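Right, one structure below, let's go through it.
The values are calculated or read from the model by the stated rules, or taken from the named source; none is laboratory data. As the structure is a prediction and not an experimental result, all values here were calculated from the model. FYI the Cβ positions are ideal-geometry reconstructions off the backbone, even for glycines, and counts take in every protein chain you see.
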Amino acid sequence: MFLLALVILLRRGPWPAVRFLVKAWLWIVGSIVWLVLFFRRPTAALLLLVALLVALVLWRLRGWLWGQLWRWKGDRIAAVIPDRAWVWVRRFQWPQLAWRTGLTRPQAVGAGASMEYLGGRWRPIPNGFVVVGRLLDGQTPVDYAKVSEPLAESWQVARVAVDSPARGWVRLKALWSDPLATPLRAPLPNPRPDLRALLLGQREDGLAWTERLIGRHLLVAGATGAGKGSVQWSVIRALAPLIRWRVVEVWTLDPKRIEFASGGRLFARYAAEPVDMVELVEAAAQLVADRARRMAGHARTHVARRGDPFVLLNIDELAFLTAYLTDRKLKDRFAGALATVLTQGRALGVAVLAAVQDPRKETVPLRQLFTTRIALRLDEPSQVDLVLGDGAADRGAAAHLIPRDEATGAGIAYVITDGDATPRRVRAGYLSDRDIAWTVATFAR
């Protein structure tokens, strides 16, 4: 026994050798006690042996047994265990998890080098916990965003969001359940809407999702069934009181003739034919030019009012007009007029809300002029970067991982605004045909 311990000491170090000696002595002492008990009280010795064997089997099957128990009574078990205890368990496991996910750094070089990992403060929050710590040398928040999915799987949480509260710091927010998993009904219009904060849905942190429309252009990208219509209709519904007061006008381009035909009375102008749609965008460009001449030397920003309203140019299926239109002259006219609106319209009270399925450069050549970009479910990480900017998928905008099931995934999106590279996860409200009909009947001019 001592010879084996010496071999283990030389090959594996002192602690494995000590553990071997302790286990060996326990087996020797236990065997002697059991033999003595067997010759004096054989029945008790046999019962003890059976109990030890049962305990050994249960220990070997502890993972499977815990899994079965959790499936059967997991909700009750979780209810009686405080959130702080769950956080403490994950904090205890953090050093090994950080090493396995590549988030550690060696503190020194050599045989006795140890690994350094993110420390910081761990605290429970409603529906999850938060870890805030100072980044290690050579790390960025993107390093943690890249492994957010492995962290979520290891912590057994619905999602891990990563951001940076300050330079040199990282914040990990783990959520036990996804607050956006349940479809959200579109909120009722605010009686006094604010074009600087239109209510569109809900953010991941439970707060209201609002977007600024004044001085912004919005690009909405998503695969079929991802919920582009929900975003567009949420914007229009939020503007409905201002439409009724004639302070805002919505000009809609509807190539499919399906998505917005039922809301015709809400729109100041509506077009579905290719020629009519191009002329409508040219009219918006002419409006921009007229306002620029009128405001030159008098005002720097347009103020919406009756008689001189704010105009939202709502374009569905943008790719139809930028890439798939067969008439080359019409395509060039549309591109020129849209470029005018995108480059000059923000300060002149003309905004663009465009939706597209295919976010390639050929279909959205002026993507950099859209100041607010919304990525619903997409097919590939490369498409996420096309919509939200290079590296967006690595920064946590996992739009390619949004569920394909429309009940759980439609309307969920990641939003990036110029000046803030941190993706925000949101869900737009869903408008049924009845909701649209009510909006039209209540607010149409």
Contact list, first residue from the stretch 129-147 and within 16 Å of R100 (Cα to Cα), second anywhere and surrounded by 15 or more Cβ atoms within 10 Å (Cβ to Cβ) and small (G, A, S), beta-carbon distance below 6 Å, six or more apart or interchain, is A145/G396
Within the stretch 383-390, is even one residue β-branched (V, I, T) and in contact with a Ser or Thr (Cβ under 6 Å, 6 or more places away or on another chain)? no
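Tell me the residue from T340, T301, T363 that is closer than 12 Å to A221 by Cβ and among the hydroxyl-bearing types (S, T, Y), please.
On the way: T340 fails: closer than 12 Å to A221 by Cβ; T301 fails: closer than 12 Å to A221 by Cβ.
Unique residue meeting the criteria: T363.
Please go through the stretch 391-443 and pick out each residue that is among the acidic types (D, E) and without any contact (Cβ under 8 Å) to a residue 40 or more places away in the chain. Reasoning before the result, please.
Step one: filter the stretch 391-443 for residues among the acidic types (D, E), giving 394, 405-406, 418, 420, 433, 435.
Of everything in the stretch 391-443, those that are among the acidic types (D, E) and without any contact (Cβ under 8 Å) to a residue 40 or more places away in the chain turn out to be D405, D420.
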Q.
Condition (residue is under 30 Å from A152 (Cβ atoms) and either in the same structural domain as E380 (by TED's automatic domain parsing) or of a type outside the set (A, V, I, L, M, F, W, C) (or both)) applied to the stretch 234-249: is it met by at least one residue?
A. yes
If you go through R269, R291, R237, the only one that is at negative phi and either surrounded by 22 or more Cβ atoms within 10 Å (Cβ to Cβ) or in contact (Cβ under 8 Å) with a residue 60 or more places away in the chain (or both) is R237
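Can you spot a residue in the stretch 435-445 that is among the small types (G, A, S), at pLDDT 90 or above and in contact with a Leu (Cβ under 7 Å, 6 or more places away or on another chain)?
Start the filter on the stretch 435-445 by keeping residues that are among the small types (G, A, S), which leaves 437, 441, 444.
Subset that is at pLDDT 90 or above: 437, 441.
When the remaining residues are screened for being in contact with a Leu (Cβ under 7 Å, 6 or more places away or on another chain), the result is none.
No, the stretch 435-445 contains no residue that is among the small types (G, A, S), at pLDDT 90 or above and in contact with a Leu (Cβ under 7 Å, 6 or more places away or on another chain).
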Residue count, the stretch 188-198, condition buried (at least 21 other Cβ atoms within 10 Å of the Cβ) and either at pLDDT 95 or above or under 23 Å from the mean Cα position of the chain (by Cα) (or both), comes to 1
Review point. Can we say R257 is part of a helix (DSSP H, G or I), in contact (Cβ under 8 Å) with a residue 12 or more places away in the chain and basic (K, R)?
Key: no
